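Inspection log for the structure reproduced underneath, given as structure tokens.
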Amino acid sequence: PLLFESEMFGHKRGAFTDAYHDREGRIALAQGGTIFLDEIGDLDPTCQVKLLRVLQDQQYEVLGDSKSRHADIRVISATNADLPALVAEKRFREDLLYRINLITITLAPLRKRRSDIPLLASHFISTYCTSNKIPQKRLANSALTALNNYPWPGNIRELKNCIERAVLLCEGALLDGNTIQLALSQNTPLTS
């Protein structure tokens, strides 16, 4: 909870051990704009209360400061958890669910939208090559076949990881099916 509060709300110097400097939080940085909260279903119950206050009252306090501050933010959140089920299990606050659940967009898993794979893979190749100053690579038809035949239990994050690994393994300018298979064989299996 302390890390969440420090990240979200910021902290004043001396608010806790190792707080040597004032730090602006994500809410202050997003003032007048939008903040994205990923995996909100994993949020600790104490943190849920603090987030609810921000959403409900548009108020928050920086750690180590008793002065309330105004929050003018729009929140977009994502989760792969079944929030209504978590509410029923008393692991997620029902009032917070009502606050964040104004518009719901359900996105099918990658295995059900295979037509997105080539575009996403090309994007990940381009981004990774550019950011790491690696010569650009492209996908061979055999690579696209290998990508389309894989079930992607880890969805887009797994695809991104696979592509980054394949780029590192690829010796030429063309990512082929064998390189993709090798990259996939090195994925850490998900446990159920």
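The values are calculated or read from the model by the stated rules, or taken from the named source; none is laboratory data. Since we're looking at a predicted model, the values are computed, not measured. All Cβ positions, glycine included, derive from the backbone under ideal geometry; neighbour counts span all protein chains shown. The area values use the complete protein model at the heavy-atom level, side chains included, leaving out ligands, DNA and RNA. Shrake-Rupley method; radii C 1.70, N 1.55, O 1.52, S 1.80 Å.
So the values come out like this:
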item: Rounded accessible area per residue of the range 37-192, 1.4 Å, Å²; result: 63 Å²
item: Inter-centroid distance (Cα atoms) of the range 144-185 relative to the range 95-114, Å; result: 27 Å
item: For the chain, size of Cβ-based charge dipole, Lys and Arg +1, Asp and Glu -1, in debye; result: 420 debye
item: Rounded to 5, percent antiparallel among DSSP beta bridges of the chain; result: 40 percent
item: Residue among 175, 45, 153 farthest towards the positive dipole end of the range 39-178, charges placed on Cβ; result: 175
item: Efficiency of FRET between residue 113 and residue 87 - r from beta-carbon atoms, R0 35 angstrom, step 0.05; result: 0.80
item: Förster radius 30 Å - calculated FRET efficiency between residue 98 and residue 28, Cβ distance, rounded to 0.05; result: 0.75
item: Relative contact order %, the range 22-120, counting alpha carbon pairs below 8 Å whose residues are six or more apart; result: 30 percent
item: Straight-distance crosslink candidates among lysines, where the alpha carbon sits under 27 Å from residue 133 and sequence neighbours closer than 8 are dropped; result: 160
item: Gyration tensor (Cα) of the range 28-106, equivalent ellipsoid semi-axes in angstrom; result: 23, 15, 10
item: Mean Cα-pair separation over length for the range 69-190, i.e. relative contact order, pairs under 8 Å, 6 or more apart, %; result: 22 percent
item: Gain in span if fully extended, residue 141 to residue 36, counting 0.36 nm per residue against the direct Cα distance; result: 34.2 nm
item: Residues of type aspartates and glutamates that residue 67 reaches as a straight line, Cα spacing below 16 Å, ignoring anything fewer than 8 places off in the same chain; result: 5, 22, 24, 57
item: Accessible carbon and sulfur surface of the chain relative to its total accessible area, %, 1.4 Å; result: 51 percent
item: Residues of type lysines that residue 90 reaches as a straight line, Cα spacing below 23 Å, ignoring anything fewer than 8 places off in the same chain; result: 50
item: Quotient of Cα Rg and 2.2 N^0.38 Å for the chain, N being how many residues it contains; result: 1.31
